[in-house]
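Worksheet for the structure shown next.
The values are calculated or read from the model by the stated rules, or taken from the named source; none is laboratory data. All of these numbers come straight from a predicted model, not from anything done at the bench. Positions of Cβ are backbone-derived with ideal geometry, glycine not excepted, and every protein chain shown enters the neighbour counts.
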Amino acid sequence: MTPRNDRPSTGSDRPSGWVLWWASLGLWTLLSLADAVDYFVSWKLQGAPRPFSRALAAAFPGWEAWALLAPAIFWFGRRVPLRWPAKPGPVLAHIAFSGVIGTLHTLVHVTFGWLLQLRPSSLGLMQYFEGTLLDWLPISILTYWTIIALEHGVEYYYRFREEQVRAADLGRRLTEARLEALTAQLHPHFLFNTLNAAVALVRTSDNVKAAKVLTQLGDILRHLLQTAPTQEVPLREELAFLRQYLEIEQTRFSHRLTVSIRVPEELLDAAVPNLILQPLVENAIRHGLASHDRAGLVELSAETANGMLQLRVEDDGPGLPAGWSLDRSVGVGLGNVRSRLGHLYNSPSGLELLNRASGGVAAIITIPLRTMPATRDARAGEAA
């Protein structure tokens, strides 16, 4: 399970035009060197060896010309894109433009061939141009279409990447919206349950306890309103809030409720979903203690195994009835926990409820083990 808090970049990661130009210049230079070697070897095999510098002079102009022509091809490819199914207009436009580019490229060959005296002495300028055009125009047109294919391939690749980024960003925003709705759902659920507890105390004429519960509830609501909304908090902050809630429950049940919290010091900075333990503790108290008149125990513990953090909330109540299923019997609190774990860690299997061998129920949350520093206020509150 991987936490999904990282935001994908919405900006394009396309290389700049200058980077592409220098990369293409390097490619044409490599092809020029390969062609120069071919010139040099051919002259030597023909019995008319010439210096390698002359071979370079013969090969470089034709290939390096593409470094100047390629930007025009890229520009035309973007202005007249080829789409599937192909339409006659853009295809014919590219055929015509490839002929223009091929002719310009042939002119470069003719000009430098004439200047470097590479043409046969028996040919005039027009004959040399016509011969060179017949030799090089098909290669130039093929090169043009290769460049167009590369330009469209690169364009489609980056469009695909950008669509992926947009889709991931939309998915992230949807997940965040769902998480915020689930977190907001906890507040009224918790508030109504606690107010019901205060009402129950008033009905039994235990006004002192009722007033204390309402005061403690006010402290909790102040904490919820003053704390910036976040999906994950250090475990120490989650425990600090939980202790405030347990004060209300212990006021309500007095000596009947015993709470045990066993969390190693080194796990207090572990990242956990915000307000994830309160519904489990509330569920343990309601089903393990409030359903009968005897005293009850609620235990909370944390441990690690195979890079995962395991949080356990256990009670010593009657346990789960036969045939009970988390999928069929889940209420608001447990359903909220399951949904948040599924959205945060991309797995719905982070919550388990099972009967303990000694009696009662164990609610187990398993999430990736990560650490995050607590705020100064949380540490001060814990120390107090």
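Tabulated results
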| quantity | calculated |
| --- | --- |
| Residue match in segment 311-324 (condition: over 22 Å from PRO264 (Cα atoms), of a type in the set (Asp, Glu) and without any contact (Cβ under 8 Å) to a residue 12 or more places away in the chain) | no |
| Output for segment 319-344, where each listed residue is modelled with pLDDT of 75 or more, of a type outside the set (A, V, I, L, M) and surrounded by 13 or more Cβ atoms within 10 Å (Cβ to Cβ) | GLY319, TRP324, GLY335, ASN336, ARG338, SER339, ARG340, GLY342, HIS343 |
| Top-ranked residue of segment 72-95 - restricted to ones that are assigned to a loop (DSSP other than H, G, I, E, B) and touching a residue at least 12 places away in the same chain (Cβ under 8 Å), ranked as surrounded by the fewest Cβ atoms within 10 Å (Cβ to Cβ) | PRO81 |
| Cβ pairs under 6 Å, 6+ apart, first in segment 149-167 and free of Cβ contacts under 8 Å to residues at least 60 places away in the same chain and among the β-branched types (Val, Ile, Thr), second exposed (fewer than 14 other Cβ atoms within 10 Å of the Cβ) and not in a helix (DSSP H, G or I) | none |
| Odd one out for ARG328 among (1) within 22 Å of ILE220 (Cβ to Cβ); (2) assigned to a helix (DSSP H, G or I) | (1) |
| Residue that is nearest to SER260 (Cα to Cα) [pool: residues in segment 345-367 that are among the hydroxyl-bearing types (Ser, Thr, Tyr) and surrounded by fewer than 13 Cβ atoms within 10 Å (Cβ to Cβ)] | SER358 |
| Residue in segment 262-280 that is modelled with the highest pLDDT, counting only those that are within 19 Å of ASP316 (Cβ to Cβ) and touching an Asp or Glu at 6+ places or on another chain (Cβ under 8 Å) | ARG262 |
| Subset of segment 96-112 (residues that are within 14 Å of GLY131 (Cβ to Cβ) and in contact (Cβ under 8 Å) with a residue 40 or more places away in the chain) | HIS109 |
| Number of the exception - ARG370 against (1) surrounded by fewer than 17 Cβ atoms within 10 Å (Cβ to Cβ); (2) within 30 Å of ARG256 (Cβ to Cβ); (3) at pLDDT 80 or above; (4) among the basic types (Lys, Arg) | (2) |
| Verdict on GLU232 being buried (at least 17 other Cβ atoms within 10 Å of the Cβ), over 24 Å from ASN355 (Cβ atoms), of a type in the set (D, E, K, R) and in contact with a strand residue (DSSP E or B) (Cβ under 7 Å, 6 or more places away or on another chain) | yes |
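Rundown of residues vs (1) modelled with pLDDT of 80 or more; (2) assigned by TED's automatic domain parsing to the domain that holds PHE52; (3) touching a Phe, Trp or Tyr at 6+ places or on another chain (Cβ under 6 Å); (4) farther than 30 Å from PRO81 by Cβ, yes/no style:
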| residue | (1), (2), (3), (4) |
| --- | --- |
| VAL110 | no, yes, yes, yes |
| LEU118 | no, yes, no, yes |
| SER121 | no, yes, no, yes |
| LEU125 | no, yes, no, yes |
| TRP136 | no, yes, no, no |
| THR146 | yes, yes, no, no |
| LEU150 | yes, yes, no, no |
| TYR158 | yes, yes, no, no |
